[in-house]
Amino acid sequence: MARKPQLIKLSTDEQRSLKTSLTKGSTSARSQTRARILDLLHRQRAPADIAAVLGVGVATVFNIKRRYLTEGLKAALHDKPRSGQPCRIDGTARAKITALACSTAPAGHARWTLRLLADKAIELGFCESISHSTVKEVLKKPAPAAPQTVVVHWGDNGRVLGEDGRHPAPLQPTF
């Protein structure tokens with residue numbers, strides 16, 4: 001005997017909430033797609049049709065439906081927070097490791113190596129454990145900022161106008 005499909009009936013508050021999130025456009029594309037899935041399920045469209053129209057898999061439609069039925073609207077629309085690996089090296093430890101790298105090298109060494117820095121950081125109690133590759137990431141300079149966009153204004157005589165209104169030398173073609 002085939003299972004009877006569970007229909008989704010959204011309350012008026014839930015319908016209003018979905019409509020608001022879809023019309024404002026301030027939510028992520030993923031949340032908007034999930035809201036559209038729930039709206040179409042409420043209108044009793046077939047999951048295969050919903051998947052084809054929205055460009056998602058049929059399993060996605062069923063997963064959103066199941067999540068709504070078991071956990072509610074908010075859980076169906078938004079992802080649960082992901083745990084991830086917590087950062088073991090905090091800002092003060094980073095600063096201390098950087099300051100240690102800038103100090104004079106220990107006796108018998110011409111300069112600090114990454115392994116020496118890692119061992120000394122553990123010895124001084126900056127952190128419980130740290131590898132030399134993590135020390136490398138701590139000391140690594142941040143990526144340079146993206147170059148600022150330069151706006152070019154062309155004058156009537158084919159010369160480039162500077163921001164101060166002066167005419168710099170004409171552009172020379174490069175070959």
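Restricted to the range 81-111, and to residues that are among the hydroxyl-bearing types (Ser, Thr, Tyr) and within 18 Å of LEU124 (Cβ to Cβ), which residue is nearest to the chain's Cα centre (by Cα)?
Selected residue: THR92.
Which one is nearest to LEU77 (Cα to Cα) among residues in the range 12-54 that are polar (S, T, N, Q) and loosely packed, with under 10 Cβ neighbours inside 10 Å?
SER26
Right, LYS136: surrounded by 17 or more Cβ atoms within 10 Å (Cβ to Cβ), of a type in the set (D, E, K, R) and out of contact with any Lys or Arg (no Cβ under 8 Å at 6 or more places or on another chain) or not?
So LYS136 does not fit the description; no.
Among the residues in the range 70-80, are any within 30 Å of LEU124 (Cβ to Cβ) and touching a Phe, Trp or Tyr at 6+ places or on another chain (Cβ under 6 Å)?
no
I'd like to check which helices (runs of 4 or more DSSP H) are fully inside the range 35-127 and have at least 3 residues that are of a type in the set (Ser, Thr, Tyr), modelled with pLDDT of 90 or more and at negative phi.
58-71
Among the residues of the range 75-113, which ones are under 30 Å from SER21 (Cβ atoms), exposed (fewer than 10 other Cβ atoms within 10 Å of the Cβ) and of a type in the set (D, E, K, R)?
LYS80, ARG82 - these are the residues of the range 75-113 that are under 30 Å from SER21 (Cβ atoms), exposed (fewer than 10 other Cβ atoms within 10 Å of the Cβ) and of a type in the set (D, E, K, R).
Quick check on my filter: what residues within the range 101-117 are in contact with a helix residue (DSSP H, G or I) (Cβ under 9 Å, 6 or more places away or on another chain) and more than 16 Å from SER129 (Cα to Cα)?
ALA101, ALA105, PRO106, HIS109, TRP112, THR113 - these are the residues of the range 101-117 that are in contact with a helix residue (DSSP H, G or I) (Cβ under 9 Å, 6 or more places away or on another chain) and more than 16 Å from SER129 (Cα to Cα).
Condition (residue is more than 21 Å from LEU18 (Cβ to Cβ), without any contact (Cβ under 8 Å) to a residue 12 or more places away in the chain, among the basic types (Lys, Arg) and exposed (fewer than 13 other Cβ atoms within 10 Å of the Cβ)) applied to the range 66-73: is it met by at least one residue?
no
Would you check which residues across the range 114-124 are of a type in the set (D, E, K, R) and surrounded by 13 or more Cβ atoms within 10 Å (Cβ to Cβ) and list them?
Those that are of a type in the set (D, E, K, R) and surrounded by 13 or more Cβ atoms within 10 Å (Cβ to Cβ): ASP119, LYS120.
The values are calculated or read from the model by the stated rules, or taken from the named source; none is laboratory data. Owing to the predicted nature of the structure, the values given are computational and were not obtained by experimental measurement. Using ideal geometry, Cβ is built from the backbone for each residue, glycine included, and neighbour counts are taken over all protein chains shown.
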